[in-house]
Amino acid sequence: MLGTSDVEIDHVPENAVVIDLRSRSEYEAWHYPGAVNVDVDELVSTAEAMGRDKVYVLYCSRGLSSRWGALELRRLGFKAFSIDINRLRRSS
């Protein structure tokens, strides 16, 4: 994917909305504190409902869905980033 390097971050900014794009069972087994579980197919409508004034940080199992989701939200004018789930696990 082109242009993904600036989408990936290494920490969750203060007051960011953290979105977990994994399955409900994976979310229930472990999730970043305060993360919202959203199906990737509902990402755009969820972000629209939450507002464009927020910063969104997405994560998933392997990083593919979260990078795609961050790029898609950016294309629509949102401030969005992807973060590696292993980095989140170490920081929580």
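Per-residue answers, yes or no, for (1) closer than 12 Å to residue 19 by Cα; (2) modelled with pLDDT under 95; (3) surrounded by 12 or more Cβ atoms within 10 Å (Cβ to Cβ):
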position: 30; (1), (2), (3): no, no, yes
position: 38; (1), (2), (3): yes, no, yes
position: 42; (1), (2), (3): yes, no, no
position: 56; (1), (2), (3): yes, no, yes
position: 63; (1), (2), (3): no, yes, yes
position: 70; (1), (2), (3): yes, no, yes
position: 81; (1), (2), (3): yes, no, yes
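So, in the stretch 44-54, exactly how many residues are open to solvent by less than 70 Å² (accessible area, probe 1.4 Å) and hydroxyl-bearing (Ser, Thr, Tyr)? Of the residues in the stretch 44-54, 1 are open to solvent by less than 70 Å² (accessible area, probe 1.4 Å) and hydroxyl-bearing (Ser, Thr, Tyr). Of all residues in the stretch 1-42, those being touching a residue at least 40 places away in the same chain (Cβ under 8 Å), assigned to a loop (DSSP other than H, G, I, E, B) and acidic (Asp, Glu) number 1. Residues in the stretch 1-28 that are of a type in the set (S, T, N, Q) and more than 14 Å from the chain's Cα centre (by Cα) were compared, and the one that is modelled with the highest pLDDT is 25.
The values are calculated or read from the model by the stated rules, or taken from the named source; none is laboratory data. What you see is a predicted model; the values in this text were computed from it and never measured. When we count neighbours, we look across all protein chains shown, and the Cβ atoms used for this are built from the backbone with ideal geometry, even at glycine. Please note that ligands, DNA and RNA were not included when accessible areas were found on the heavy atoms of the full protein model with its side chains. Shrake-Rupley method; radii C 1.70, N 1.55, O 1.52, S 1.80 Å.
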